[in-house]
1. GluC sites (Glu not before Pro), restricted to the stretch 1-97: which are DSSP loop and have at most 10 other Cβ atoms within 10 Å?
2. For labels at Tyr297 and Asn4 in the simple 7 Å Cα→Cβ model, what's the distance in nm?
3. I'd like the carbon and sulfur percentage of the solvent accessible area for the chain, probe radius 1.4 Å, heavy atoms only, ligands and nucleic acids excluded.
4. Excluding Ile193 itself, calculate the net charge of residues whose Cβ lies under 14 Å from the Cβ of Ile193, where each Lys or Arg counts +1 and each Asp or Glu counts -1.
5. Pick from Cys161, Cys19, Cys133: which is most flexible by mean-square fluctuation in a GNM of the chain where alpha carbon atoms under 10 Å apart are linked?
6. Leaving out ligands and nucleic acids, note down the accessible area per residue over the chain with a 1.4 angstrom probe, in whole Å².
7. Given points 7 Å out from each Cα along the Cα-Cβ axis, report the Asp266 to Glu184 separation in nanometres with one decimal.
8. How long, wide and thick is the stretch 87-154, going by the Cα atoms along their three principal axes, in whole angstroms, largest first?
Amino acid sequence: MNENSSLIEDADMKFSKLCEIVQDIETKGQDGDHFPRQAVFSSIIASENEIIIQKLEKTLLDEDQSELMRTVIVGLLMQKNIISPICQYADNILTKITIINEEHEGKESLLLLADALIKGTDCEDEDLRNKSCEQLFKLYKVSCHPESSALIADQLLQRFCNILINKNKLIDQNLLQIIKNTEEELNSRVISIEVLSKSQPVEFFNHAKNMVLSINEYSKNNIETMYLLDVLTKYIYNAAVSGIVGNCNEISKTLSDINLENINTDAKSEYGRNNEHLDVIHKRISRRISQLNEMAYSQN
């Protein structure tokens, strides 16, 4: 038997065992014997046989394969640091998804996909980093969409809020682009502010200050202005309390000069019925502005 035949046989054997394991999990769930499953997974992860890798890549992109099989393969390829086919897989599925609804409920593969794409943003190849980032933020924006009602969308958002913080410069740059782009969904911009202000607690202050100074340039209506001021004043107040920023006189004065009462009234008119939550936001913002004014006064 020549070397190529040996590699083919090895790949066929490993892939056959993988198929058996996936079928076993689909039948028995997680109640089966974990040891043989892990042994097969470990042997594939450790293998340098290009033929098994090709089999995994082909199967991942085969739309007739089961959700579980493709999920398992995403995990295996991620462990092997093979990100390119995962980007292609992400592109294939995300071009068909505009919102995450009950149709996608229980698709935990999306959580694993998010992890794999984040890992891809740290790889050495620049083109692959950019592709990973592109697909990652497609998934991020879909998860943030206000009509994404499935529980898995909430789980994705929670995952993003935790794992995007302090990840890398490329992710931070994309978050900032979303924040500044008024054409993006408001929810994705608000969450991006939350994440980036934690990733760059010091550096983000100037961005927050500029947004407050020119808030009308960053919002399309009064409703957006209220939501943006809510998340921005939360960050600014916490930054001032923690001592991240020095003198807060300028930002305090700018916030005080904003006619928040009129903005809230107009926002409630734009929102229509069931707009009571805007009064709650109004109170939060007003309280923070008052506290910032007190801090600014004490610094003089």
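The values are calculated or read from the model by the stated rules, or taken from the named source; none is laboratory data. Worth saying up front: this structure is predicted, and the values here are computed from it rather than measured. In this analysis, Cβ positions are derived from the backbone assuming ideal geometry, glycine residues included, and neighbour counts consider all displayed protein chains. Accessible surface is based on the protein model in full, side chains and every heavy atom, while ligands, DNA and RNA are left aside. Shrake-Rupley method; radii C 1.70, N 1.55, O 1.52, S 1.80 Å.
1. On the way: sites: Glu3, Glu9, Glu20, Glu26, Glu48, Glu50, Glu57, Glu63, Glu67; in loops: Glu48, Glu63.
Hits after loop and neighbour filter: Glu48, Glu63.
2. My value for the distance between the label points is 8.4 nm.
3. Looking at the chain in its full context, I get 46 percent from C and S.
4. Working: positive: Lys180, Arg189, Lys198, Lys209, Lys234; negative: Asp172, Glu184, Glu185, Glu194, Glu203, Glu224, Asp230.
Within the 14 Å Cβ shell, the charges total -2.
5. Judging by the Gaussian network model, the answer is Cys19.
6. Roughly 52 Å² per residue, with all protein chains present.
7. Label-label distance for Asp266 and Glu184, simple model: 2.4 nm.
8. Cα spread of the stretch 87-154 along its principal axes, largest to smallest: 37, 18, 17 Å.
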